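Student: Please find one structure pasted underneath; my questions will follow.
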Amino acid sequence: MRGAQGTIIKALSGYYYVAEPSGGLITCRARGKFRLDGTSPLVGDRVAVNAEEDGTGSVREILPRRNVFIRPAVANIDLMVMVAANVNPVTDPYLVDRVSALASCHDCDFLLCVNKCDLDPGDRLYEIYSRSGVSVIRTSAITGEGLDELKKALTGRVSAFTGNSGVGKTSLLNALDPNLMLLTGEVSRHLGRGRHTTRHVELFSLPFGGYIADTPGFGSFDVDQMEPIRPGQLQYCFPEFKPYLGQCRFNDCTHRSEPDCAVREAVENGYIDASRHSSYVRMWEQANRIRDWEIK
Ligand code: GDP
Ligand code: ZN
């Protein structure tokens, strides 16, 4: 037996599959131990393992996590990549704001890809985010524009892709690494898509280092499934609000309609994009309704 460390890349039927940095894969049987302290290992967890010579082992310890997503259940996502487009389909900035806020409140980096830029440069989307402290690049799965930058962002990290159906997530991943798509296709067939009711997340390794977290077949990371952000926390999920927080007349200002609100003044003076602020208000009101509903 030897001590080893690695990342859980798959959890299925009572087994954890732990990838070692050296390339080895250790198959660990799930044990009861972690349920005692309320923590069970998740895909994405970095773990310490007791490994046997035959490639089996057991998870000894879960190493500290950067973040945890509940639905889908996955830990340590470094980067959320949102793919958007301004043509066929047109992405609503509100959706981008929701995903970037979710990423931000999970201490997860965020990158917006304005894809299909060969058809439409998506100037408005690009403008909103580039001036809001949100990372944004233009990409095209057809011409290859922006792919080097995207590859650089993914290298050595665990990333999750999201975005409306048809924006080009599969095409971008395929353009980056055709083998990856073959591999996920195999897994989908093997599992029999649709038969599994619980969402199964898996990490797929990238040839240039790093992982993509997703359900087999790149159905994308389903942001609608994720837990909502509390109203009071939302203001911290908009990076461009930061210089104005604490500057309002009221300490508990919600930046919606209060007088002498520094955030709203910044919107009026053009320092904060109005569409970002209106998304904030919409998300705040939605989150507030959920809270009221829970209290009743
Ligand atoms: P997904 O649902 O997000 O995975 O989207 P797909 O990758 O399946 O792409 C949907 C359609 O858009 C396909 O017909 C692709 O060929 C097309 N597409 C994807 N990316 C681009 C792009 O950058 N430029 C153009 N012109 N078409 C694209
Ligand atoms: Zn305010």
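Student: Of these, 44, 23, which one is surrounded by fewer than 18 Cβ atoms within 10 Å (Cβ to Cβ) and assigned to a loop (DSSP other than H, G, I, E, B)?
Tutor: Numbers: 44 fails: surrounded by fewer than 18 Cβ atoms within 10 Å (Cβ to Cβ).
Selected residue: 23, the only one of 44, 23 that is surrounded by fewer than 18 Cβ atoms within 10 Å (Cβ to Cβ) and assigned to a loop (DSSP other than H, G, I, E, B).
Student: Out of the residues in the range 241-268 meeting the condition of being outside any helix (DSSP H, G or I) and surrounded by fewer than 13 Cβ atoms within 10 Å (Cβ to Cβ), tell me which one is nearest to ligand 1 (Cβ to nearest atom). Break it down stepwise before answering.
Tutor: Start the filter on the range 241-268 by keeping residues that are outside any helix (DSSP H, G or I), which leaves 245-261.
In the following step, the residues that additionally are surrounded by fewer than 13 Cβ atoms within 10 Å (Cβ to Cβ) were identified as 246, 249-252, 257, 259-260.
Working: 246: 40, 249: 45, 250: 43, 251: 43, 252: 40, 257: 37, 259: 44, 260: 44 Å.
Here the residue is 257.
Student: What are the pairs with Cβ atoms under 6 angstrom where one residue, in the range 237-252, is within 23 Å of residue 99 (Cβ to Cβ) and the other, located anywhere, is among the hydroxyl-bearing types (Ser, Thr, Tyr) and within 12 Å of ligand 2 (Cβ to nearest atom)? Sequence gap at least six, or different chains.
Tutor: Between residues of the range 237-252 that are within 23 Å of residue 99 (Cβ to Cβ) and residues that are among the hydroxyl-bearing types (Ser, Thr, Tyr) and within 12 Å of ligand 2 (Cβ to nearest atom), the close pairs are 238/280.
Student: Of the residues that make up the range 151-167, is at least one under 16 Å from the mean Cα position of the chain (by Cα), of a type outside the set (A, V, I, L, M), on the phi > 0 side of the Ramachandran plot and in a loop (DSSP other than H, G, I, E, B)?
Tutor: yes
Student: Given (1) in contact with a strand residue (DSSP E or B) (Cβ under 7 Å, 6 or more places away or on another chain); (2) in a loop (DSSP other than H, G, I, E, B); (3) modelled with pLDDT under 80, identify the lone condition not met by residue 183.
Tutor: Looking at each condition in turn, residue 183 falls short on (2).
Student: Another question, if that's okay. Quick check on the range 151-166: of everything there that is modelled with pLDDT of 95 or more and surrounded by 22 or more Cβ atoms within 10 Å (Cβ to Cβ), which residue is farthest from residue 225 (Cα to Cα)?
Tutor: Step one: list which residues in the range 151-166 are modelled with pLDDT of 95 or more, which gives 151-159.
Still in the list and also surrounded by 22 or more Cβ atoms within 10 Å (Cβ to Cβ): 154, 158-159.
Working: 154: 24, 158: 20, 159: 17 Å.
The qualifying residue farthest from residue 225 (Cα to Cα) is 154.
Student: Here is a list of conditions, (1) closer than 24 Å to residue 171 by Cα; (2) in contact (Cβ under 8 Å) with a residue 40 or more places away in the chain, and residue 73 meets all of them except one; can you say which number that is?
Tutor: With respect to (1) closer than 24 Å to residue 171 by Cα; (2) in contact (Cβ under 8 Å) with a residue 40 or more places away in the chain, residue 73 is out only on (1).
Student: Oh, and also: Can you pull out the residues in the range 190-217 that are among the charged types (D, E, K, R) and at pLDDT 60 or above?
Tutor: In the first step, residues of the range 190-217 are kept if they are among the charged types (D, E, K, R); the result is 193, 195, 199, 202, 214.
Listed by number, the residues that qualify are 199, 202, 214.
Student: Could you check, for the range 269-284, whether at least one of its residues is surrounded by 15 or more Cβ atoms within 10 Å (Cβ to Cβ), without any contact (Cβ under 8 Å) to a residue 24 or more places away in the chain, within 16 Å of ligand 2 (Cβ to nearest atom) and more than 19 Å from residue 95 (Cβ to Cβ)?
Tutor: No: zero hits.
The values are calculated or read from the model by the stated rules, or taken from the named source; none is laboratory data. Nothing here was measured: the structure is a model prediction, and the numbers come from that model. Please note: Cβ atoms are built from the backbone with ideal geometry, for glycine as well, and neighbour counts cover all protein chains shown.
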